[in-house]
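Report on one structure; see the data block that follows.
The values are calculated or read from the model by the stated rules, or taken from the named source; none is laboratory data. As the structure is a prediction and not an experimental result, all values here were calculated from the model. Here the Cβ positions follow ideal geometry from the backbone for every residue, glycine too, while neighbour counts run over all protein chains shown.
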Amino acid sequence: MLKRIFDIYIFAFVFFLASKPLNDPDFWFHLKSGEYILRNHTFPTTDPFSFTFYGQHWIVHGWLTTVLFYLVQSRLGFGALIFLFALLVTLTFWFVYRRCHAHRFVTGFAILLGVLSVSTNIGVRARVFTLLLTSVFLLVLERGRKLWILIPLTALWANLHGGFFFGPAFIALAMVGLVLDKLFGNVDVKLWPRLGAMGLVLVGSVLAIVVNPYGVEMLFVPIRVLQTTVYKEVVVDWLSPDFHRPEVFPFLLLFLLTTAALALSPVRPKPSELLLFIATLYLSFNSQRNIAIFALVAVPLFANYAQHWLKTNELRRFFQDSLLARESPFALVLLLPLILFAVKLKSTVYGEFRQQTMDVPIHAVEYLKEKQITGNTITEPNIWSNYLLWALPSNPIFIDGRDVYTEQFTREYLNITNGRSDWHEAFDRYAIRVAIVGPRSLLARKLRAATDWQEVYEDEMAVVFARRN
């Protein structure tokens, strides 16, 4: 009973840590896309939102998530979405927990460190489905049973989020790891029958990706995104992790502790485990959006091999079953921060939505709606336009966070906002009527000095300029 209470507390902490305010800029265009699909009863193949790429080819990858966003929000509100996705993250780490075979204190610490490592990747985000399904794939592949279930899961994944390519990739890595285990790991397994079964599942999973409204075209979405170099230059999610930033510290700690556990453990890690660890670590160093994938791999490795190490030294007496009785007062101690977490969540996450926490110019948009100031609109940063798609559909936007825009056009926007090209000529060429920018941005300074533009609104987050008639 005490063991179960401790587990409940751990996952209550996971749920609280996973409860995030609506501060993902991509959420808003997902929400708008879901509304479009349900109201028009069709899947768009051209851009219906911007004035610069209106009618250009565009598909809604992750359409099922956008529909879910809109259905839950329209019927139950934003709070229900926050609650639902916190549950999904909790479920994700429950699958991770099932791959841990260590003392509950060790496992609990590893789980919570893992949640902190993925903190910037969770919330009401389509990416949560990639984390959930990655966790399921890793569990199924580790146990080696019911592999066939990965085929329909891949089909579901392809309709939920563009990270579906991780599914077949993990199957392929598991096949390579199986061969390495047989050759170097002294693992007793019937190699060829198992490889044959996994090969069939791999082929079936790749074919399952095309079971979506856009068919084969969905296969090329990740390739197209990865080939767009501008994302890797300016989009924070695609940059390598900056270890000077405090939010990256849990990932660094998880990496160092897992490495130490693997090195100190008297039990030799399997080659397949090292392969998965190194592959996902490389992905994380290449792009910090992949830290979440690494955490799902590293948490069980850290817990399991730390447990092997603890059994060989004096610390083992603190992790014996005979000490479980001492978990009762420890569990009671955990109750206090849970209460504090609940109070904080009510005021910060489930309370009144504020633009400071949501990181979108709510008040500026409300002003434009009240004064009925319409026309082609540009924002800086461009991700504010994601919110305009939802909250201000009367104002067609210049560029937002979707992948509909070409790399050349995206670079033109960057040159406009950083002063490398003539903003005035571009504003005239695109017939821009409204600009919403940061008060201290370069574009704000230039617009304030322009005689044909006037400042009509300003707050601590945004300033609005309108073209003079």
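For the reader, a short list of remarks on this structure follows.
Conditions (1) touching a helix residue (DSSP H, G or I) at 6+ places or on another chain (Cβ under 7 Å); (2) modelled with pLDDT under 95; (3) charged (D, E, K, R), marked per residue:
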{"position": "Leu17", "(1), (2), (3)": "yes, yes, no"}
{"position": "Trp28", "(1), (2), (3)": "yes, no, no"}
{"position": "Lys32", "(1), (2), (3)": "yes, no, yes"}
{"position": "Glu35", "(1), (2), (3)": "yes, no, yes"}
{"position": "Leu38", "(1), (2), (3)": "yes, no, no"}
{"position": "Thr46", "(1), (2), (3)": "no, no, no"}
{"position": "Phe53", "(1), (2), (3)": "no, no, no"}
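- Residue in region 132-147 that is over 22 Å from the mean Cα position of the chain (by Cα), assigned to a helix (DSSP H, G or I) and over 28 Å from Phe255 (Cα atoms) present: yes
- If you check Phe164, Phe184 for being in contact with a Leu (Cβ under 9 Å, 6 or more places away or on another chain), touching a residue at least 40 places away in the same chain (Cβ under 8 Å) and among the aromatic types (Phe, Trp, Tyr), only one passes: Phe164.
- The condition (being within 24 Å of the chain's Cα centre (by Cα), surrounded by 14 or more Cβ atoms within 10 Å (Cβ to Cβ), assigned to a helix (DSSP H, G or I) and free of Cβ contacts under 8 Å to residues at least 40 places away in the same chain) is satisfied by just one residue among Phe277, Phe251: Phe277.
- Within region 96-121, restricting attention to residues that are at pLDDT below 95 and outside any helix (DSSP H, G or I), the residue that is surrounded by the fewest Cβ atoms within 10 Å (Cβ to Cβ) is His101.
- Hits in region 176-203 - residues which are of a type outside the set (A, V, I, L, M, F, W, C) and at pLDDT 85 or above: Gly177, Asp181, Lys182, Pro193, Arg194, Gly196, Gly199
- In region 229-248, the residues that are without any contact (Cβ under 8 Å) to a residue 60 or more places away in the chain, closer than 18 Å to Phe409 by Cβ and β-branched (Val, Ile, Thr): Val235
- Among the residues of region 407-449, those that are surrounded by 12 or more Cβ atoms within 10 Å (Cβ to Cβ), closer than 16 Å to Met461 by Cα and free of Cβ contacts under 8 Å to residues at least 40 places away in the same chain comprise Pro439, Leu442, Ala444, Arg445.
- Residue count, region 281-327 (criterion: at pLDDT 85 or above, polar (S, T, N, Q) and exposed (fewer than 14 other Cβ atoms within 10 Å of the Cβ)): 0
- Residue pairs whose Cβ atoms lie under 7 Å apart, sitting 6 or more positions apart in sequence or on different chains, and linking a residue in region 381-396 that is closer than 13 Å to Asp26 by Cβ to a partner that is among the acidic types (Asp, Glu) and in a helix (DSSP H, G or I), are Asn386/Asp26.
- Filter result for Val106 (over 20 Å from Asn290 (Cβ atoms) and without any contact (Cβ under 8 Å) to a residue 24 or more places away in the chain): no
- Scan of region 436-461 for residues that are at pLDDT 95 or above, in contact with a helix residue (DSSP H, G or I) (Cβ under 6 Å, 6 or more places away or on another chain) and within 18 Å of Glu370 (Cα to Cα), ordered by number: Ile436, Tyr457
- In region 408-466, the residues that are within 21 Å of Val360 (Cα to Cα) and of a type in the set (Phe, Trp, Tyr): Tyr413, Tyr457, Phe465
- Considering Val349, Val404, the condition of being surrounded by 14 or more Cβ atoms within 10 Å (Cβ to Cβ), in contact with a Ser or Thr (Cβ under 9 Å, 6 or more places away or on another chain), at pLDDT below 90 and not assigned by TED's automatic domain parsing to the domain that holds Phe85 is satisfied by Val349 alone.
- Filtering region 204-228 to residues that are modelled with pLDDT of 80 or more and under 24 Å from Thr410 (Cα atoms) leaves Glu217, Met218, Leu219, Phe220, Val221, Pro222, Ile223, Arg224.
- Considering the conditions (1) small (Gly, Ala, Ser); (2) more than 19 Å from Thr130 (Cβ to Cβ); (3) buried (at least 17 other Cβ atoms within 10 Å of the Cβ), Ser33 is excluded by exactly one of them, (2).
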